[in-house]
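Enquirer: My questions will all concern the structure given below.
The values are calculated or read from the model by the stated rules, or taken from the named source; none is laboratory data. Remember, it's a predicted structure, so these values are computed and weren't measured experimentally. Quick reminder, even Gly has a Cβ in these numbers, built from the backbone with ideal geometry, and neighbours come from all protein chains shown.
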Amino acid sequence: MKDKLPIYYKCNMTTAQHLLAYVIFGVLLSLMSFVFYHVVWLSLIVGFLMAIPMERIYAKSTIRKRQKALRIQFKDFLASMSVAARAGNVEIKAIKSALEDLKMTYPDDSDIVREVENIILQYERGGVQLKDLFDSFAERSELEDIRNFATIFKAIDGKNDRFGDVVCQTEEIIGQKIETEMEIETVITGAKTETMTMLFMPILVVGAMSVMGKGFMDSLFTTWIPGHLAATVALIIFVISFLIMVKTTDIEA
């Protein structure tokens, strides 16, 4: 089962999913380009060319989204294990108790449920030490919180008298850190929404003027210079602005 577990810092999309995302972006960007060019073949070329970096950005965003979801799931795992540890359970019993709680919140195919099930299975049937299993989880996730826990767990492994206290303290520190970052991300998400709205306003304006302008925008659509050249410059500025927005609002997991 270990080999089937995902590497979270790599894209896990299938080839078909990559292709579907590229086609969807190509169609949408072609429609957007048509607002500026009003030439079908040119709009298709520009749209599907712009779809290449957009698909890559989307693929990268799926990695970040999955890692962020995993961090929240891992926080819940620590909270459940902390409760079990306070009750006096040793490591493996606390992990099993946490798994039962997780299954009440998350579906069986969720990442954290699969990971905890693998830890229990490899420990009981494969004879792999818990500290090595948490190390593997941390390595595949590339998440600082999981790496920190794996390091701490390695230090207390086998020291049952300190297990409960250390897990509780670790859960409290990591939980507060995640909650703070989630609050920051909420603020940034609001700013991102406002930026996206402002970014797409020029496209709506050009579209409205081309429909209601009664020939006012004809020179933009019927001439290469300055018409299509100006449209190309506008699209380049749009793409650069979008890339800057994505870069500045991206939060490392």
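Enquirer: Which residue, of 119, 92, 146, 112, is exposed (fewer than 15 other Cβ atoms within 10 Å of the Cβ), at pLDDT 85 or above and closer than 24 Å to residue 6 by Cβ?
Expert: 92 is the lone residue from the list that is exposed (fewer than 15 other Cβ atoms within 10 Å of the Cβ), at pLDDT 85 or above and closer than 24 Å to residue 6 by Cβ.
Enquirer: A further question on this structure: Go through the residues of region 49-68 one by one and say whether even a single one is assigned to a helix (DSSP H, G or I), within 25 Å of residue 230 (Cα to Cα) and among the β-branched types (Val, Ile, Thr).
Expert: Yes; the residues of region 49-68 include at least one that is assigned to a helix (DSSP H, G or I), within 25 Å of residue 230 (Cα to Cα) and among the β-branched types (Val, Ile, Thr).
Enquirer: Give 193, 170 a once-over and let me know the one that is β-branched (Val, Ile, Thr), assigned to a helix (DSSP H, G or I) and in contact with a Phe, Trp or Tyr (Cβ under 7 Å, 6 or more places away or on another chain).
Expert: 170
Enquirer: Identify, from the list 229, 235, 220, the residue that is modelled with pLDDT of 75 or more, more than 18 Å from the chain's Cα centre (by Cα) and farther than 23 Å from residue 55 by Cβ.
Expert: 229
Enquirer: Checking residue 75 against (1) of a type outside the set (Asp, Glu); (2) in contact (Cβ under 8 Å) with a residue 40 or more places away in the chain; (3) closer than 24 Å to residue 7 by Cβ; (4) out of contact with any Gly (no Cβ under 9 Å at 6 or more places or on another chain), only one condition comes out false. Which one?
Expert: Tallying (1) of a type outside the set (Asp, Glu); (2) in contact (Cβ under 8 Å) with a residue 40 or more places away in the chain; (3) closer than 24 Å to residue 7 by Cβ; (4) out of contact with any Gly (no Cβ under 9 Å at 6 or more places or on another chain), residue 75 fails exactly one: (4).
Enquirer: Quick check on my filter: what residues within region 38-96 are under 22 Å from residue 239 (Cβ atoms) and among the acidic types (Asp, Glu)?
Expert: 55
Enquirer: Name the residue that is surrounded by the fewest Cβ atoms within 10 Å (Cβ to Cβ), counting only residues in region 19-65 that are closer than 30 Å to residue 138 by Cα and touching a His at 6+ places or on another chain (Cβ under 7 Å).
Expert: Of everything passing the filter in region 19-65, 59 is surrounded by the fewest Cβ atoms within 10 Å (Cβ to Cβ).
Enquirer: Suppose we filter 16, 98 for residues that are assigned to a helix (DSSP H, G or I) and crowded, with 17+ Cβ neighbours inside 10 Å; which single one remains?
Expert: 98
Enquirer: Still on this structure, I have one more. Return the pair list, or none, for Cβ contacts closer than 9 Å from residues in region 175-187 that are under 18 Å from residue 70 (Cβ atoms) to residues that are loosely packed, with under 11 Cβ neighbours inside 10 Å, at least 6 apart or on different chains.
Expert: Matching pairs, first to second residue: none at all.
Enquirer: Do you know which of the residues in region 176-202 that are among the charged types (D, E, K, R) and surrounded by fewer than 13 Cβ atoms within 10 Å (Cβ to Cβ) is farthest from residue 72 (Cα to Cα)?
Expert: 194
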